[in-house]
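Visitor: Pasting a structure below so you can have a look.
The values are calculated or read from the model by the stated rules, or taken from the named source; none is laboratory data. Everything numeric in this text was worked out from a predicted model, so none of it was measured. With ideal geometry, Cβ positions are generated from the backbone for all residues, glycine too; neighbour counts draw on all protein chains shown. Ligands, DNA and RNA are excluded from the accessible area calculation, which covers all protein heavy atoms including side chains. Shrake-Rupley method; radii C 1.70, N 1.55, O 1.52, S 1.80 Å.
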Amino acid sequence: MPIDLYYTPGSAPCRSILLTAKLLGVDLNLKLVNLHEGEHLKPEFLKLNPQHTIPTLVDDGFSIWESRAIITYLAEQYGKNDSLYPKDARKRALVVQRLFFDATTLYQRFADAYYPLMFAGVPYTEDKIKKIDEAFEFLNTFLAGNEYVAGNQLTLADVSILASVTTIQAVDYDIKKYPNVVRWLENTKASLPDYEEANGKGVEAFRQLYSSLTKK
């Protein structure tokens, strides 16, 4: 049975799943969802995901949404080993903490600042940018002395956070003042198979969307 992924390419959460699938060698049947036309609100989609969010993954009748839940499911179900999502309790706890950091701090603070601007024309405030700065300071600290965000091994946390960081860069947020983040980003990009196909093209799609929605 094919594994269906309902997605849109500009979405950072969707791209984290594409990157994870490439790492695992899992083929996804991609189903583009046009949010502007309300395809996520159609009855057939609501049966799969009553929260009508993307990404949504359907694997042989099993439906799951929220990107970080999806990538951990894929790693456990299809991983040939536990390198991306360690079984060791302490190593896994660190990966999970970083995934929560991404969901509730890094990506959330970006969304709080920029999505009102993009979709409602409400300018961000300096306080909201400072919150993003603080999140990057945290990330920079996590990476001090570490090759990856949860230690010295590539994990799902790197995949999820990379999708967020590259999206934040797409709105011209400068990460140069966070040297550990810059180093990690370049090294991690080089470690990911088919990076451009799985993430780069989607980042450019998001960049173009941002530009079209915010231009004067």
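Visitor: Give the residue that is surrounded by the most Cβ atoms within 10 Å (Cβ to Cβ), with candidates limited to residues of segment 133-157 that are touching a residue at least 60 places away in the same chain (Cβ under 8 Å) and assigned to a helix (DSSP H, G or I). So that I can check it myself, show each step before the final result.
Guide: Step one: filter segment 133-157 for residues touching a residue at least 60 places away in the same chain (Cβ under 8 Å), giving 151, 153-157.
Going one step further and asking which of them are assigned to a helix (DSSP H, G or I), we end up with 156-157.
Values: Leu156: 28, Ala157: 26.
The qualifying residue surrounded by the most Cβ atoms within 10 Å (Cβ to Cβ) is Leu156.
Visitor: What is the residue count in segment 168-204 for residues that are over 19 Å from Phe142 (Cα atoms), open to solvent by less than 40 Å² (accessible area, probe 1.4 Å) and among the aliphatic types (A, V, I, L, M)?
Guide: The total comes to 5.
Visitor: Just give me the residues in segment 152-190 being closer than 19 Å to Ser11 by Cβ and among the basic types (Lys, Arg), in sequence order.
Guide: Lys189
Visitor: Could you tell me which residue of segment 67-105 is least open to solvent (accessible area, probe 1.4 Å), considering only residues that are more than 20 Å from Ile3 (Cα to Cα), part of a helix (DSSP H, G or I) and among the basic types (Lys, Arg)?
Guide: Arg98
Visitor: To continue, here is another question. Determine if segment 106-117 includes at least one residue that is modelled with pLDDT of 95 or more, charged (D, E, K, R), open to solvent by 40 Å² or more (accessible area, probe 1.4 Å) and over 30 Å from Val171 (Cβ atoms).
Guide: no
One line per residue, one yes/no per condition, for (1) free of Cβ contacts under 8 Å to residues at least 24 places away in the same chain; (2) open to solvent by 30 Å² or more (accessible area, probe 1.4 Å):
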| residue | (1), (2) |
| --- | --- |
| Pro2 | no, yes |
| Leu24 | no, no |
| His36 | yes, yes |
| Glu39 | yes, yes |
| Phe45 | no, no |
| Leu57 | no, no |
| Phe62 | yes, yes |
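Visitor: Would it be correct to say that Tyr124 is outside any helix (DSSP H, G or I), over 30 Å from Asp27 (Cα atoms), open to solvent by 80 Å² or more (accessible area, probe 1.4 Å) and not acidic (Asp, Glu)? Walk me through how you get there before you give the answer.
Guide: Details: outside any helix (DSSP H, G or I): yes; over 30 Å from Asp27 (Cα atoms): yes; open to solvent by 80 Å² or more (accessible area, probe 1.4 Å): yes; not acidic (Asp, Glu): yes.
For Tyr124, the condition - outside any helix (DSSP H, G or I), over 30 Å from Asp27 (Cα atoms), open to solvent by 80 Å² or more (accessible area, probe 1.4 Å) and not acidic (Asp, Glu) - is met.
Visitor: Considering segment 169-196 alone, what residues qualify as being part of a helix (DSSP H, G or I) and touching a residue at least 60 places away in the same chain (Cβ under 8 Å)? Walk me through it before giving the result.
Guide: Residues of segment 169-196 that are part of a helix (DSSP H, G or I), as a first pass: 169, 179-191, 195-196.
Passing the criteria: only Tyr195.
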